[in-house]
Amino acid sequence: MGTRDDLLAAAKLCLAERGYARTTVRDIVSASGTNLAAINYHFGTRDKLLYQAMLESSSTAVQQILDSLPVEHPDDPAERLRAFLQRLTDSFTTDTALWSANAESLVQALHAPDIRTELGAAQGRARAGLSHLFGDEPGDPAVGAVLQTMIGGLLLQWLIDPDHAPTADTIVAGLRALAERTGPE
């Protein structure tokens, strides 16, 4: 690995161990075996490095969930959605440090316009990727938007009160009920 990759790996480790706000440049430099100038050279700022690390970590986690979905029910969208949401909420409890740092970093982005722009672009890519959950080519952008919205809402609920956060079955049942009540366009 090169210095840039060492910094990213160290930032991911620090985010998982310390969270976003508590990760310092000294932490990253110590964990990476590099120097402060390397952060500035490769990323410009600590925040840009941490956002890149967070985007990569979150994207990898969601992609692993998507890749692990069962293929037993390829023609059953409700079951595919339930499986996705179950694996997602499982990851909220098994990888709480990653998801806590993710939520924390989103709040920090409100104070950094350039990072907000980058994050907005990443959210667009995430919606596009999620739009393919049901195998549609091309994916439905509305599906991607709903899924991304659900992920954000579920994440906060599971981080704050996991004992009372909605389950995958509850979400699927709620979506069914909404679809029945709102009917076709």
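Here are a few things to note about the model shown:
- In the context of the full set of protein chains, segment 7-120 has a per residue accessible area of 51 Å² (1.4 Å probe).
- Whole-Å distance, taken between Cα centres, linking segment 71-122 and segment 1-47: 22
- Acute angle (nearest 10 degrees) that the helix 113-130 long axis makes with the longest principal axis of the chain, alpha-carbon atoms: 40
- For the chain, the longest principal axis of the alpha carbon atoms and the long axis of helix 46-67 meet at an angle near 30°.
- Protection proxy ranking for 9-20, 168-179, 29-40, using the average of other Cβ atoms within 10 Å per residue and placing the highest first: 9-20, 29-40, 168-179.
- HIS42 - accessible surface, heavy atoms, 1.4 Å probe, Å² rounded to 10: 60
- The helix-only estimate of mean residue ellipticity at 222 nm for the chain, built from DSSP H runs of length n ≥ 4 each weighted as -39500 (n - 2.57), is -24500 deg cm²/dmol after division by the residue total.
- Kirkwood Rh (inverse of mean 1/r, distinct Cα pairs), segment 1-97, angstrom: 14.9
- Debye, to nearest 20: dipole size of the chain, +1 on Lys, Arg Cβ, -1 on Asp, Glu Cβ: 720
- The accessible area of PHE43, taken with all protein chains in place and a 1.4 Å probe, comes to roughly 20 Å².
- Shape category assigned to segment 100-162 from the gyration tensor of Cα positions, a/c cut at 1.5: oblate
- For semi-axes √(5λ) of the Cα gyration tensor in Å, computed directly from the structure shown, the correct entry in [x] 34, 17, 15; [y] 42, 17, 14; [z] 26, 21, 13 is [x].
- R0 of 25 Å, Cβ-Cβ distance SER68-ASP169: FRET efficiency to nearest 0.05: 0.85
- Nearest-10 value in Å² for the accessible area of GLU137, using the 1.4 Å probe: 150
- Helix axis angle, 3-18 relative to the chain longest principal axis, alpha carbon, degrees: 70
- Cα→Cβ-extended label distance, 7 Å offset, between LEU36 and THR3, nm: 1.5
The values are calculated or read from the model by the stated rules, or taken from the named source; none is laboratory data. Only a predicted model underlies this, so the values are computations on that prediction, with no experimental measurement involved. Glycine gets a Cβ as well: all are built from the backbone with ideal geometry, and neighbour counts include every protein chain shown. Just so you know, the surface numbers come from the protein's heavy atoms only, side chains and all, with ligands and any DNA or RNA stripped out. Shrake-Rupley method; radii C 1.70, N 1.55, O 1.52, S 1.80 Å.
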